[in-house]
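Structure first, commentary second.
The values are calculated or read from the model by the stated rules, or taken from the named source; none is laboratory data. As the structure is a computational prediction, the values presented were derived from the model and not from experiment. Neighbour counts run over all protein chains shown; Cβ positions are idealised from the backbone, glycine included. For accessibility, only protein heavy atoms count, side chains too; no ligands or nucleic acids. Shrake-Rupley method; radii C 1.70, N 1.55, O 1.52, S 1.80 Å.
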Amino acid sequence: MTANSAFRSRQWFGATGRSGMAHRSWMRSQGFTPEVFDGRPVIGIATTWSELAPCNVHLHRVAESVKRGVWQEGGFPLEFPAMALGETLLRPTAMLYRNLLAMEAEELMRANPLDGVVLLSGCDKTTPGLLMAAASVDLPAVMVTGGPMLNGKYRGTDVGSGTAVWRFEEDLVAGRMTQEECAFAEGCMARSNGHCMTMGTASTMASMAEALGMQLPYSATWPAVDARRYETAQRAGQVAVGLVRQDLRPSAIMTRAAFENAIRVNAAIGGSTNAVIHLLAIAGRLGVPLPLDDFDVLARDVPTLLNLQPSGEYLMEDFCYAGGLPAVMRELAEHGLLNDAITVTGSGIGANVADAPCWNREVIRAVAEPFQPAGTGTAVLRGNLAPGGAVIKQSASSPHLLKHRGRALVFDSPADYYAVSNDPGLDVDEDTVLVVRYCGPRGYPGMPEVSNVALPRKLLLRGVRDMVRICDGRMSGTAYGTVVLHVAPEAAAGGPLALVRTGDWITLDVPARMLTLEVGDEELAARRAQWQPPAPHASRGWTRLYTEHVLQADEGADLDFLVGASGHEVSRESH
Ligand code: FES
């Protein structure tokens, strides 16, 4: 028996009589010796592994390294599966299932004899989903993301997963690339285990987990195949046991100060707009007040330091070799832009990054010579077209379009748009504002990454590479373009976006943070009186539960009844 036998798992494995016998006996069918029930911390390893989620397919091996660390530190590791969400395959969108993963993982952590957890994630939604779960259960937890792929290599140049797909598609449509060249490029882009290696959503959320203090320093950037990823995983197993012994919980780590750090780090790395929704949802689980406007206000004095695709030139492998996220955070800390919040290391984040070296100032710029100046990160827009707010990633936008007035060309779905986007007779020019709606949480459903619709062929052939697009959906973190996203309330919820008609004038004024539909209140009221909500997407199952309870983008698109925490107490026996 270890000195401390007061851990939660003792309620199961320390019990006498029939229940205790049942709990231990069936576990021994796996060949564990009886000493594992001596009161040591039991560490669950939540693994979002699946061959249907290729970015996470190596997490079984990562889990083996975590187990080594747990054993090494005197704990008892038990791996369990959590829903794997593969961004590239799931229809209609992996985002429809983020909350389901969060709910599943929360219940598994609570219902099982676990004292702490290690969270193994990778592809976009798996990181926020597991953090939401850990926040609601509030057992000691440490995250290990699976790491980015090696840089893509196509004909002697680096190509970034995701980002290159958009460019290849445009080149194909414009006749600059053949179908055969595209097929060849597919194999060059994703050439190792790992998640997308641009600063897309997976890399962004891995960085957010590190900035929040929930994963060990450098965890976000080691490539998936780098030995140091496995070393870090082993270390995380040790750390998990220590967190249980110290009783250091996510609620003590993911504080308001930590979220402020995450928002500033997101600005400094040129991170995905999806971080906005995911951080709002995680904060909602913890009861941390985090208004949407904080993403604009807190980031305004933070320059973009990282020269990474899609906004810049390099990829995650380069970021790793240049010094990783600690080098970015050190820059922020030295300029008063980082709060000193506690992390899973048991130390403050300032101490963790104080000596972090930078080996390549071309990739990780200094605050004094940034990649992009302060105030060019994610902006939060308001106005009569987005009373609940909308966001735009300025660094991925064309500067000349950040102040723009144009006539709306409106589509009720991406499919409606793509049905005519190649039509040479389409009434569109570079000043047109493309509105694509009913793509929000309820509308699609699941708020997919469809907002950056490809430009009409007619404009691509004329050499136009960007135009203003407005949508209530999301955009992939690997994408670029002047796209207003996350418009709230969404069209399907009766937001003003549902009332726009082709030919209406719309003004986008990012410096003033305004998005205006130039239609009078009286006319809008008349249109609203005629508006009919769309028919429900489903009469049963998860989609029905989701669409009936999902919150809007400005609240993190969590389910209304999942906001907050239920803790980890389960008082009733199962036998
Ligand atoms: Fe999984 Fe990009 S598709 S991270």
(request) Note down all Cβ pairs under 7 Å where the first residue falls in region 51-65 and is touching a residue at least 24 places away in the same chain (Cβ under 8 Å), the second is aliphatic (A, V, I, L, M) and part of a loop (DSSP other than H, G, I, E, B), and they're at least six residues apart or on different chains. (result) Leu52/Ala84; Leu52/Leu89; Ala53/Ala84; Ala53/Leu85; Asn56/Ala84; His58/Ala224
(request) Return the pairs, sorted by first residue and then second, in which the second residue is open to solvent by 10 Å² or more (accessible area, probe 1.4 Å) and more than 12 Å from the ligand (Cβ to nearest atom), the first residue lies in region 155-172 and is more than 20 Å from Leu460 (Cα to Cα), the beta carbons are less than 6 Å apart, and the residues are 6+ apart or on different chains. (result) Gly160/Gln309
(message) If Leu308 meets every condition in (1) within 20 Å of the chain's Cα centre (by Cα); (2) open to solvent by 10 Å² or more (accessible area, probe 1.4 Å); (3) not β-branched (Val, Ile, Thr) apart from one, which number is that one?
(response) (2)
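I'd like to verify a number: residues in region 52-66 that are within 16 Å of the ligand (Cβ to nearest atom) and surrounded by fewer than 24 Cβ atoms within 10 Å (Cβ to Cβ), how many? Before you say what the answer is, go through the steps one by one.
Of all residues in region 52-66, those within 16 Å of the ligand (Cβ to nearest atom) come to 52-59, 62.
Now restrict to residues that are surrounded by fewer than 24 Cβ atoms within 10 Å (Cβ to Cβ): 52, 54, 57-58.
The total comes to 4.
Of the residues Trp71, Trp49, only one is open to solvent by 20 Å² or more (accessible area, probe 1.4 Å) and within 16 Å of the ligand (Cβ to nearest atom); which?
Numbers: Trp71 fails: within 16 Å of the ligand (Cβ to nearest atom).
Within the list Trp71, Trp49, the selection yields Trp49.
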(message) Could you list, ordered by first residue, the pairs with Cβ atoms under 6 Å in which the first is in region 347-368 and free of Cβ contacts under 8 Å to residues at least 40 places away in the same chain and the second is open to solvent by less than 20 Å² (accessible area, probe 1.4 Å), at least 6 apart or interchain?
(response) Pro357/Gly323; Cys358/Gly323; Cys358/Ala327; Cys358/Ile364; Trp359/Ala322; Trp359/Gly323
(message) Can you tell me which residue is farthest from Ala493 (Cα to Cα) among those in region 464-474 that are open to solvent by less than 10 Å² (accessible area, probe 1.4 Å) and either within 16 Å of the ligand (Cβ to nearest atom) or in a loop (DSSP other than H, G, I, E, B) (or both)?
(response) Met467
(request) Tell me, yes or no, whether region 310-331 has at least one residue that is in a helix (DSSP H, G or I) and of a type in the set (Ser, Thr, Tyr). (result) yes
(message) Looking only at residues that are surrounded by 15 or more Cβ atoms within 10 Å (Cβ to Cβ) and in contact (Cβ under 8 Å) with a residue 12 or more places away in the chain in region 8-21, which one is nearest to Asp247 (Cα to Cα)?
(response) Arg8
(request) Could you tell me which of the residues Arg285, Arg228 is away from the ligand (no atom under 16 Å from the Cβ), on the phi < 0 side of the Ramachandran plot, open to solvent by 10 Å² or more (accessible area, probe 1.4 Å) and not hydrophobic (A, V, I, L, M, F, W, C)? (result) Arg228
(message) Would you confirm, using the coordinates I've provided, whether Glu430 is open to solvent by 20 Å² or more (accessible area, probe 1.4 Å), touching a Ser or Thr at 6+ places or on another chain (Cβ under 6 Å) and not basic (Lys, Arg)?
(response) no
(request) Please specify each residue of region 176-207 satisfying the condition of being among the hydrophobic types (A, V, I, L, M, F, W, C), more than 15 Å from Gly152 (Cα to Cα) and away from the ligand (no atom under 14 Å from the Cβ). (result) Met177
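Which count do you get for residues in region 144-175 that are among the hydrophobic types (A, V, I, L, M, F, W, C), over 30 Å from Arg235 (Cα atoms) and within 16 Å of the ligand (Cβ to nearest atom)?
Count: 5.
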(request) Please indicate, with yes or no, whether at least one residue in region 251-271 is over 18 Å from Thr126 (Cβ atoms), open to solvent by 10 Å² or more (accessible area, probe 1.4 Å), among the aromatic types (Phe, Trp, Tyr) and modelled with pLDDT of 95 or more. (result) no
(request) Have a look at Ala211, Ala134, Ala141 and point out the one that is touching a Gly at 6+ places or on another chain (Cβ under 8 Å), away from the ligand (no atom under 14 Å from the Cβ) and open to solvent by less than 10 Å² (accessible area, probe 1.4 Å). (result) Ala141
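Sort through Ser5, Ser25 and tell me the only one that's more than 30 Å from Ala281 (Cα to Cα) and modelled with pLDDT under 95.
Answer to the selection: Ser5.
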(message) Looking at Gly406, Gly477, Gly440, Gly495, can you tell me which residue is within 23 Å of Thr198 (Cα to Cα) and open to solvent by less than 10 Å² (accessible area, probe 1.4 Å)?
(response) Gly477
(request) Only residues that are outside any helix (DSSP H, G or I) and within 18 Å of the chain's Cα centre (by Cα): list them for region 225-271, please. (result) Met254, Gly270, Gly271
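For region 78-92, what are the residues that are open to solvent by 10 Å² or more (accessible area, probe 1.4 Å) and either within 13 Å of the ligand (Cβ to nearest atom) or of a type in the set (D, E, K, R) (or both)?
Of region 78-92, the ones open to solvent by 10 Å² or more (accessible area, probe 1.4 Å) are 78-81, 83-84, 87-92.
Selection gives Glu79, Ala84, Glu87, Thr88, Leu89, Leu90, Arg91.
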(request) Count, please, the residues in region 250-296 that happen to be of a type in the set (D, E, K, R) and within 18 Å of Pro441 (Cβ to Cβ). (result) 1
(request) Identify the single condition in (1) within 16 Å of the ligand (Cβ to nearest atom); (2) out of contact with any Gly (no Cβ under 8 Å at 6 or more places or on another chain); (3) open to solvent by less than 10 Å² (accessible area, probe 1.4 Å) that Pro448 does not satisfy, given that it satisfies every other one. (result) (2)
(message) Quick check on region 110-131: of everything there that is surrounded by 24 or more Cβ atoms within 10 Å (Cβ to Cβ) and small (Gly, Ala, Ser), which residue is farthest from Leu59 (Cα to Cα)?
(response) Gly116
(message) Quick check on region 173-208: of everything there that is within 26 Å of Gly463 (Cβ to Cβ) and of a type in the set (S, T, N, Q), which residue is surrounded by the fewest Cβ atoms within 10 Å (Cβ to Cβ)?
(response) Gln179
(request) Inspect all residues belonging to region 359-379 and state whether any of them is farther than 17 Å from Asn266 by Cβ, part of a helix (DSSP H, G or I) and open to solvent by 50 Å² or more (accessible area, probe 1.4 Å). (result) no
(message) Return the residues of region 552-567 that are under 21 Å from Glu107 (Cα atoms), assigned to a loop (DSSP other than H, G, I, E, B) and touching a strand residue (DSSP E or B) at 6+ places or on another chain (Cβ under 9 Å); say none if nothing qualifies.
(response) Ala557, Asp558
